[in-house]
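Written below as structure tokens is the structure these notes are about.
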Amino acid sequence: MMIEKNGSDDRHLPMELLLSRNPDICSRMGNRLNTKRPLQAGFQLFFAMLFLWLCPPFFSDPALAADWRLTPKLGVSGGYDDNIFYTQDDKVGSSIINAEPGLEADFKSLLSSIRLTADFEILSYLDESNLNRVNQYYRLDGNHRLGQRWDVRGGFRYYDDTTLNTYLEETGRVVERINREYLYAMGGIAYDISTISSIDANYSYEQARYEDDVFPDYDRQRVNLRYKHRLKNQQDELSVGPSYYIRTNDLNDTDYVALDLGWERDWSDITNTFASIGARYTTVEDNDGNSDDSWGARARFNLTRQGVASQTRFEYYHDLATLVDGTDVNVDNFYLRYDYLLTERFGVGINGRLVFSYDLSSSQDGVEDNRYYMVEPFLFYRLTKDFRVYLRYSYQNSSKDLIDNDDSRERNRAWIEFKYELPMML
């Protein structure tokens, strides 16, 4: 899952009731920020603040006429993984049973929108029960129109999985299986200068924490400022602006400034693309005060197409990624998802990912090139409107060379999956 929490039953209570039952909760939360699991405290505090910020607009007059849509989800799958540790030698295989409960909540009105998803992967390894765990992925996005010219937005992600999940998707690097917590929070504001021009500012904050301090934790911050202009054809929008990035950990700090040019186009009601390219100046400084500067590039390309019988999503970006050893590297990350409905009920599809990662500059020691790809074809059959069955196969390959297959690692997985969703209007 791209995809992105334990505690008592109090975590499901409204904030007012939670505070009344636990008058000392604020002090306890503050103390927990200094513990070995700061992400859980940050997760709770940010969730509460974002909820209080986004919800008041929903009770304005336009919002009262809108509806909430609630979608409970449940997936159950069973299959086999021939290399559960993703090692080069001494492979260990296991049969796996997976339950995937989840929930989606969507709200839309004339001025506001909000989307919340919570997904769980309850993994049971029949031959390696010590690996049993629950992966957790929370996502929240919202925006609100203020008056005639202002827009505000916020976003949040919290993932609790292992280094063989979202970390592998981000970096393409295979490391030992370690529990990893990842948090992402962002806020943005836009001002319409005119009907065709606007200024947009965005700030994001990221944290990654590894189990038992096996790898160095890190924090990342990004600031973007964009001037956007929509052309007279109402299909094309151009953008330009600077970006700033800083990543800190106990070993070194990396920061860069960049200038990007962007182009977004609505080709039709169902097809949209976005492309950007820019120059980047990066500085890496270690704890001894030694620094290394280098020039590089940033690039991004996204394509989405939502047809009646098919859906296509393609993403590419060239930017920095942080490895478990605390260093930043260049990454070229490609992702593709395509599915096509052959008949009213039967369809086919494919997921794919290709990641190249390599050093920032020739003076960066100890960083090996790496290439990773994943191919996942699948078949699906719609038993009812809300109930589908999938048959999937996945092949993963990782190599320490960008082109060759020397010292490559391989992994094969096959499974059958049942998914049920029940949308409800509230």
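The numbers here are math on the coordinates, done by the rules we state, and not lab data. Since this is a predicted model, take the numbers as computed values, not measurements. When we count neighbours, we look across all protein chains shown, and the Cβ atoms used for this are built from the backbone with ideal geometry, even at glycine.
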Please give me the summed charge of the neighbours of D127: other residues whose Cβ is under 12 Å from its Cβ, Lys and Arg +1, Asp and Glu -1. -3
Over every pair of different alpha-carbon atoms in segment 16-425, take the mean of 1/r and invert it; report that Kirkwood radius in Å. 23.8
What FRET efficiency comes out for the pair I350/V92, r = Cβ-Cβ distance, R0 = 25 Å, nearest 0.05? 0.35
Above-threshold pairs, the threshold being 22 Å between Cα atoms, out of K73/K385; K108/K228; K91/K419; K108/K419: K108/K228; K91/K419; K108/K419
List the residues of segment 215-255 whose backbone N lies under 13 Å from a point placed 7 Å from the Cα of Y203 along the Cα-to-Cβ direction. 221-225
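Among H229, H144, H318, which comes first, second and so on when ranked by fewest other beta-carbon atoms within 10 Å?
Details: H229 14, H144 22, H318 18.
Arranged by neighbour count, lowest to highest, H229, H144, H318 become H229, H318, H144.
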